[in-house]
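Input: a single structure, listed below in structure tokens.
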Amino acid sequence: MMNAKKVTAPSINIGISAEAREKIAQGLSALLADSYTLYLMTHNFHWNVTGPMFNTLHLMFMGQYTEQWTALDVIAERIRALGHPAPGTYKEFVKVASIQEVEGVPRATDMIRHLVAAQEATARTARELFPVVDAANDQPTADLLTQRLEVHEKTAWMLRSLLEE
């Protein structure tokens with residue numbers, strides 16, 4: 001039997017300290033948790049919406065959860081690029097998410113209110129990470145955060161518009 005050598009990955013030297021990469025990965029993990037919770041909430045509402053706005057909301061929610069699904073991968077891959085494991089279980093997400101799950105099947109207008117609050121919470125989570133990212137000179141993460149903020153703020157505005165009389 002031959003002796004197997006343990007292969008270790010080379011250290012990460014991208015111009016961001018290990019301490020800063022860890023803080024950024026923690027912040028991105030919170031963003032991933034909020035994003036996944038928002039994705040699941042939106043998909044749930046897509047499946048269960050009823051009422052006079054059914055078709056409009058059903059299609060709108062599908063566009064939103066599809067966009068959100070793609071974003072999950074981008075966030076998780078950035079965490080991995082920084083050298084940390086991405087959280088990937090409900091148990092891990094619940095620990096760090098700022099969004100609470102919605103129980104039952106709310107009325108359509110309440111679904112919209114829940115989604116506005118969840119979009120805004122996700123935007124706040126992204127925004128809170130900027131000082132750490134800026135201090136670390138981490139442009140790729142800053143770009144990711146900027147893109148996510150644009151989506152969440154615009155989506156919250158569009159949803160709020162549905163609630164105006």
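Please treat every number below as a calculation from the coordinates, not as lab data. These numbers come from a predicted model, not from an experiment. Neighbour counts run over all protein chains shown; Cβ positions are idealised from the backbone, glycine included.
Quick rundown of the values:
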read-out: Segment Met62-Ser98, length gained on full extension (0.36 nm per residue, minus Cα span); value: 10.7 nm
read-out: Options [x] 61, 48, 25; [y] 68, 44, 23; [z] 69, 32, 30 - which one matches Cα extents along the principal axes in Å as calculated here; value: [y]
read-out: Net dipole in debye of the chain [+1 Lys, Arg Cβ; -1 Asp, Glu Cβ; about Cα centre; nearest 20]; value: 540
read-out: FRET efficiency for Phe54 and Ser11, using Cβ-Cβ distance with R0 set to 45 Å, rounded to 0.05; value: 0.25
read-out: Helix-only [θ]222 nm of the chain, DSSP H runs n ≥ 4, -39500 (n - 2.57) each, per residue, nearest 500; value: -25500 deg cm²/dmol
read-out: Under 14 Å from Lys91, Cα to Cα: aspartates and glutamates that are on another chain or at least 8 residues apart; value: Asp34, Glu101
read-out: Rounded to 10°, Cα long-axis angle of helix 18-48 versus longest principal axis of the chain; value: 30
